[in-house]
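Okay, so here's the structure we're looking at.
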Amino acid sequence: MNVKQFRLAIYVAALSLGISSARANEAAAVPTTNTLVIHADQGSNTISRNIYGQFSEHLGRCVSEGIWVGEDSPIPNTRGIRNDVVAALKKLQVPVLRWPGGCFADQYHWMDGVGPRDQRPKRINTTWGGVVEDNHFGSHEFLDFCDQIGAAPYLSGNVGSGTVEELAEWIEYLTAATNSVMSDMRRKNGRAEPWKIPFVGVGNESWGCGGSMTPEFYADNFRRYNEFVKNYPGNKIYRIASGANSWDTNWTEVLMKKVGDGMNGLSLHYYTVPSGNWSHKGSATQFTEAEWFNTLRGALDMDALIARHTAIMDRYDPKQRVGLMVDEWGVWYDAEPGSNPGFLYQQNTLRDALVAGVTLNILNRHCDRVKMANIAQMINVLQAMILTDKEKMTVTPTYWAFEMFTVHHDATLLPSELQSADYEFNSQKIPDVSASASRDPAGKIHVTLCNLNPNQPAEVACELQGGKAQKLSGRVLTAPAMNAHNTFDQPDAVKPAGFSAFKITGSGFAVTLPAKSVVVLEVE
Ligand code: AHR
């Protein structure tokens, strides 16, 4: 009897006993069989911790409310920045934070956000909801936030509606130590020491909201702006050119050809929209298995997407000097009913933890070329780590996926080959399992695995070539329902638990991943 016949027999037996179809499904949950070969004695590429970066934009309640409540707020804060949010983010060891946008970056004039707060100009955020931006969270506040959570700042410069002079002066204001008009202004505004600004983006989505440019026109602009982004003593800037909209490989081609030698990184933006239709993307919480399947299939496309852009970059930059920076990625659903559609507020379920796990495994595996990635966005917007409602806060399933994957930060990627069974839905197939493995500086091996199948466990026989598994430990993130999520009243509905469904074998170990789960294993 093959697996399908076996499942059918159980199903028929269950029906005859009067068990409901959901229970019958459970009873029929035969694990799929999969193999993973890990080359424990190899590995030459580091998984940059910056792949675990995040993104915060002046959009909806990400910065305002999510991070910034102001010094006079009854919500406990340090210099206006929420303490609960800082404490939660510290546990993720956020390596790098991109700001102030997004589309907002190309309408942002940094001088609006420095000096006494009560004198800062109010502007209309024409990109996001037409709300008034009071500029209370500006450069000083952002850099204070980065210090509080221990993240490196990544500034997105305004190319769309700004000037070369404005961007040049921003960098001088922040990073110059010697006396000059700009650095003296910084001192007058309360900061004596220059900051270190390791990453600067020259524009954002310059093909769209960042100026509707052609790649040729943007390439010339990149050259011009980049020329005046100076490295002041003690600060070296990694320059990131505005990159392609998902599958637009021509953008990458033109940029690499014309200005590849002038940049350190080229960005790439990719969002997963379950329906593929931007007018009706689908609900974050009320979804069918078809939507679960489509969402994960969309997330898996990241692999082919990176491969495609990498192939072009390899032709112009065979030594992989230029990093591919996936500085916006994540799922994009319909805004929560009752919320301002311009604020992009969405709930976050177990499905999103799977999307995060699958995507992070892909990014790890491409770490020879991918040097940074920034999930969109940090708080209250799109695939957020954290949701807030006034004084209340909860972390999301995506937060926990990031927390479980911290073991890969700056570890060495171990080459691996995965043979996965199919998760079949409506005659379409995606792999059941996603995986990546790394060795940390202490010699411990970590393997992160996802079972994309919401109905069946997955058995993975893991061969550890060139190594031996002596001791194993693990954690799992799963829940009874595909749409399980945390709320302000039930903040612990989805969170990691201890995991022991594994055994050591002659060649490595075998593990049984529960249906719809993310698992991290430590192998000693
Ligand atoms: O993350 C939301 C928006 O998506 C960003 O502002 C923009 O860069 C992208 O289109």
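Structure values in brief
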{"quantity": "Base-10 log of normalised Debye intensity for the chain (one unit scatterer per alpha-carbon) at q = 0.05, 0.07, 0.08 Å⁻¹", "calculated": "-0.20, -0.40, -0.52"}
{"quantity": "Inter-site label distance for Ser279 and Thr126 at 7 Å from Cα along Cβ, in nm", "calculated": "2.6 nm"}
{"quantity": "Overall form of the range 138-207 per C-alpha gyration tensor (a/c, 1.5; a/b vs b/c)", "calculated": "oblate"}
{"quantity": "Among beta bridges that DSSP assigns inside the chain, antiparallel share in %, nearest 5", "calculated": "55 percent"}
{"quantity": "Amide H partners (placed H, <5 Å) of Ser156, local residues excluded", "calculated": "Trp99, Gly101, Gly201"}
{"quantity": "Ranked order, Glu463, Glu227 - accessible area, probe 1.4 Å, largest first", "calculated": "Glu227, Glu463"}
{"quantity": "Charge dipole magnitude, Cβ of K and R +1, D and E -1 - the range 162-228, Cα centre, debye nearest 20", "calculated": "340 debye"}
{"quantity": "Accessible-area value, Ile75, 1.4 Å probe, nucleic acids and ligands omitted, Å²", "calculated": "20 Å²"}
{"quantity": "Probe 1.4 Å, protein heavy atoms only - accessible area per residue of the chain in square angstrom", "calculated": "39 Å²"}
{"quantity": "In nm, spacing of pseudo-spin labels at Asp118 and Asp440 (7 Å Cα→C-beta vector)", "calculated": "4.9 nm"}
{"quantity": "For the chain, calculated [θ]222 nm from helices alone, where every DSSP H run of n ≥ 4 adds -39500 (n - 2.57)", "calculated": "-8000 deg cm²/dmol"}
{"quantity": "Accessible area in the full protein assembly, largest first, 1.4 Å probe, for Asp134, Asp147", "calculated": "Asp147, Asp134"}
{"quantity": "Pairwise label distance in nanometres, Lys471 with Ser180, each label 7 Å out on the Cα-Cβ vector", "calculated": "5.4 nm"}
{"quantity": "For the range 380-503: Kirkwood Rh in Å [reciprocal of mean 1/r, alpha carbons]", "calculated": "16.8 Å"}
{"quantity": "Calculated SAXS-style log₁₀ I(q)/I(0) at q = 0.14 Å⁻¹ - the range 45-98, Debye, Cα scatterers", "calculated": "-0.43"}
{"quantity": "Unmatched cysteines, the chain - criterion: no other Cβ of a Cys under 4.7 angstrom", "calculated": "Cys62, Cys146, Cys367, Cys450, Cys462"}
{"quantity": "Placed amide H near Asn204: partners under 5 Å, 5+ positions off or other chain", "calculated": "Val159, Gly160"}
{"quantity": "With 10 Å bins from 0: P(r) over the range 231-325, alpha-carbon pairs, percent", "calculated": "15, 37, 23, 18, 6, 1"}
{"quantity": "Surface accessible to a 1.4 Å probe, Glu71 within the full protein complex, Å²", "calculated": "100 Å²"}
{"quantity": "Per residue convex hull volume, Cα atoms of the range 305-394, in Å³", "calculated": "113 Å³"}
{"quantity": "Solvent-accessible ranking of Leu155, Leu300, largest area first, probe 1.4 Å", "calculated": "Leu300, Leu155"}
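The values are calculated or read from the model by the stated rules, or taken from the named source; none is laboratory data. What you are looking at is a predicted structure, and each value in this text was computed from that prediction instead of being measured. Positions of Cβ are backbone-derived with ideal geometry, glycine not excepted, and every protein chain shown enters the neighbour counts. Remember, those area values only see protein heavy atoms, side chains included, never the ligands or the DNA or RNA. Shrake-Rupley method; radii C 1.70, N 1.55, O 1.52, S 1.80 Å.
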